[in-house]
Amino acid sequence: MTRWLLVASLLLTACGGGGGGDGGSPGSGIDPRLARIDIYESQRIRVVGDPGAGVVGMSPTPVVDMPTTGEVTFAGSFTLRVETTPAASVIAGDARLNVDFGAATGSGVLDNAFGTGTDGVLRDYDGQILLRDGVVGADGPNTWQIDYAGALTSTQQTIAVDGQIAGDVLGPDANALAGIDLEAAIATNAGQRTGLLAIIAEATGDD
């Protein structure tokens with residue numbers, strides 16, 4: 001878990017560091033997207049902790065406490081880093097996953113995205129990344145994996161992704177999900193690129 005935890009933290013930090021940007025709130029002096037990064041970061045610390053600050057995150061859900069019935073909605077964020085040039089593109093946005101523990105399946109969507117492009121400017125990204133064919137228990141009772149595919153488009157570039165994320169079910173009562181694809185295959189206007197895609201989400205309690 002530590003490996004992708006550190007990656008996710010770096011992604012969020014980089015996304016918040018872009019200069020200027022479109023899609024903010026003219027006249028307010030504060031870009032609301034930066035406030036969303038703070039929300040994402042707070043959730044990241046709750047779920048997976050912050051080793052540098054001595055904060056311990058949630059442990060994997062004990063096998064005996066993994067749900068075997070019921071449907072749960074998880075909400076959180078995703079971070080995507082694409083190795084573009086002259087600068088990496090770093091994108092963040094909302095994540096929503098629906099997990100059926102009885103059937104051990106899942107689906108969801110990543111959207112409402114924003115981030116920095118090759119020029120470091122913060123922009124909104126239209127489009128969605130769909131999550132499908134999720135499997136709970138793919139690599140152990142308290143693990144999960146899910147396929148993803150979709151495209152995000154800003155005024156500067158289009159980024160298309162297609163791959164699979166794997167991760168852990170966390171918390172004493174399956175309170176959260178966290179996972180990463182460290183070898184994402186990504187298509188951009190400039191050709192194929194490598195990158196990373198991470199998801200962190202918590203149960204909403206709406207079910």
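All of the numbers you see were taken from the coordinates with simple rules; none came from a lab. Everything numeric here is computed off the predicted structure, so don't read it as measured data. Note that each Cβ is placed from the backbone with ideal geometry, even for glycine, and that neighbours are counted across all protein chains shown.
Of note:
- For region 74-163, the orientation-averaged shadow of the C-alpha convex hull comes to 5.8 nm² (one quarter of the hull surface).
- Computed from backbone phi, the HN-Hα couplings of region 120-125 come to x, 8, 7, 9, 7, 10 Hz, rounded to whole numbers (Karplus: 6.51 cos²θ - 1.76 cosθ + 1.60, θ = phi - 60°; Gly and Pro given as x).
- Rounded to the nearest 10 degrees, the angle from helix 32-48 to the longest Cα principal axis of the chain is 30 degrees.
- Footprinting exposure proxy for Ile180, Ile159 (fewest neighbouring C-beta atoms within 10 Å first): Ile180, Ile159
- Charge tally for Ala185 (other residues, Cβ to Cβ under 13 Å; Lys, Arg +1; Asp, Glu -1): -4.
- In the chain, helical runs assigned H by DSSP with n ≥ 4 each contribute -39500 (n - 2.57); averaged across all residues and rounded to the nearest 500, the mean residue ellipticity at 222 nm is -5000 deg cm²/dmol.
- Separation of alpha-carbon centers, region 86-130 and region 30-77, rounded to whole Å: 16
- Share of alpha-carbon pairs per 10 Å distance bin for the chain, given as whole %: 9, 37, 35, 16, 3, 0
- Between 0 and 90°, nearest 10: helix 2-15 axis offset from the chain longest Cα axis: 30
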